[in-house]
Amino acid sequence: MIRKFINFIFYLAVAAGLSGNALADDKVDFFRAVGVDNAAGVQRLIDRGFDPNQRDEHGQTGLILALREGSAKVTDLLIASPKVNVETRNRSDESPLMMAALKGRKDAVAKLIARDADINKTGWAPLHYAATGGQVEVMKVLLEKSAFIDAESPNGTTPLMMAAMYGTPEAVKLLIDEGADLAMKNQQGMTALDFASKGNRPDAVALLTAAKAPAGSGGPPATTSARPGNAPAAPKAAPAPAARPADGKW
């Protein structure tokens, strides 16, 4: 009887080990399929019970990786899947909407918003990322959905500051025209104009200088009327995108 019991325990342990190996293999297969845009392979794994919200060894989710790597078919599949939580963030607190905004994926941005992705998450927000990449069309979508135009990162950096240093003149102009606060300073005491100067961005410097010119001086008014819902966000703690220096180094 004792021997039978020991054998039973042994078989259970072997079965558990095999099951664990199978789960590990599924995870490897899942992220490999995401990387090569193999939507059929991803769907098969999900149908078998694999959780698509898992993170890889670097803390990335499948959906964020698909957006980052340009795996369009997998991106569409994962956004549409009811088993995917579109607010699952990576280890750096980046959301799929933030990555879609950075990459200029207007189609994915619209689909994520339709699934209630958080437009105004605290810390670094999707509008920061769109402004960093100069993704004007995505910025327009976010602003139309009441993104906070003066959202503050953990160190007080706004989308206008990011556009001024890393984005495009068109991104800077859009934010100015939409009523971004030109006078705001981050925790290092830097304004958007300071960011443009530090980044050696003469086009952005010219736009911001002209926008700050007083009425009657030949330049446009500082800003247009602010859009509804553009009060500053109240961010707490999120890391910076890889496309820009970490907080506190400006």
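The values are calculated or read from the model by the stated rules, or taken from the named source; none is laboratory data. The shown structure was predicted, so the numbers you read here are calculated from the model rather than taken from an experiment. All Cβ positions, even for glycine, are placed from backbone atoms using ideal geometry, and neighbour counts span all protein chains on display.
Quick look at the numbers
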| quantity | calculated |
| --- | --- |
| Meets criteria (under 16 Å from the mean Cα position of the chain (by Cα) and part of a helix (DSSP H, G or I)) for residue 77 | no |
| So residue 45, is it outside any loop (DSSP other than H, G, I, E, B) and either touching a His at 6+ places or on another chain (Cβ under 7 Å) or within 19 Å of residue 129 (Cβ to Cβ) (or both) | no |
| Qualifying residue in the stretch 206-218 (condition: of a type in the set (A, V, I, L, M), surrounded by fewer than 20 Cβ atoms within 10 Å (Cβ to Cβ), modelled with pLDDT of 95 or more and in a helix (DSSP H, G or I)) | yes |
| Residue among 203, 194 that is surrounded by fewer than 20 Cβ atoms within 10 Å (Cβ to Cβ), in a helix (DSSP H, G or I) and in contact with a helix residue (DSSP H, G or I) (Cβ under 7 Å, 6 or more places away or on another chain) | 203 |
| Search result, residues across the stretch 151-169 that are part of a loop (DSSP other than H, G, I, E, B) and either touching a helix residue (DSSP H, G or I) at 6+ places or on another chain (Cβ under 8 Å) or closer than 10 Å to residue 134 by Cβ (or both) | 151, 153, 157, 158, 167, 168 |
| Of all residues in the stretch 85-133 being hydroxyl-bearing (Ser, Thr, Tyr) and not in a loop (DSSP other than H, G, I, E, B), the one that is nearest to residue 46 (Cα to Cα) | 129 |
| Test set (1) surrounded by 17 or more Cβ atoms within 10 Å (Cβ to Cβ); (2) closer than 23 Å to residue 208 by Cβ; (3) not hydrophobic (A, V, I, L, M, F, W, C) - residue 103 fails condition number | (2) |
| From 138, 172, residue being crowded, with 24+ Cβ neighbours inside 10 Å, closer than 20 Å to residue 68 by Cβ and either aromatic (Phe, Trp, Tyr) or touching a helix residue (DSSP H, G or I) at 6+ places or on another chain (Cβ under 6 Å) (or both) | 138 |
| Filter result (within 20 Å of residue 109 (Cα to Cα) and surrounded by 24 or more Cβ atoms within 10 Å (Cβ to Cβ)) within the stretch 148-157 | 149, 151 |
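The rows are residues; the columns are (1) loosely packed, with under 15 Cβ neighbours inside 10 Å; (2) aliphatic (A, V, I, L, M).
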site: 49; (1), (2): yes, no
site: 57; (1), (2): yes, no
site: 60; (1), (2): no, no
site: 65; (1), (2): no, yes
site: 71; (1), (2): no, no
site: 74; (1), (2): no, yes
site: 80; (1), (2): yes, yes
site: 83; (1), (2): yes, no
site: 86; (1), (2): no, yes
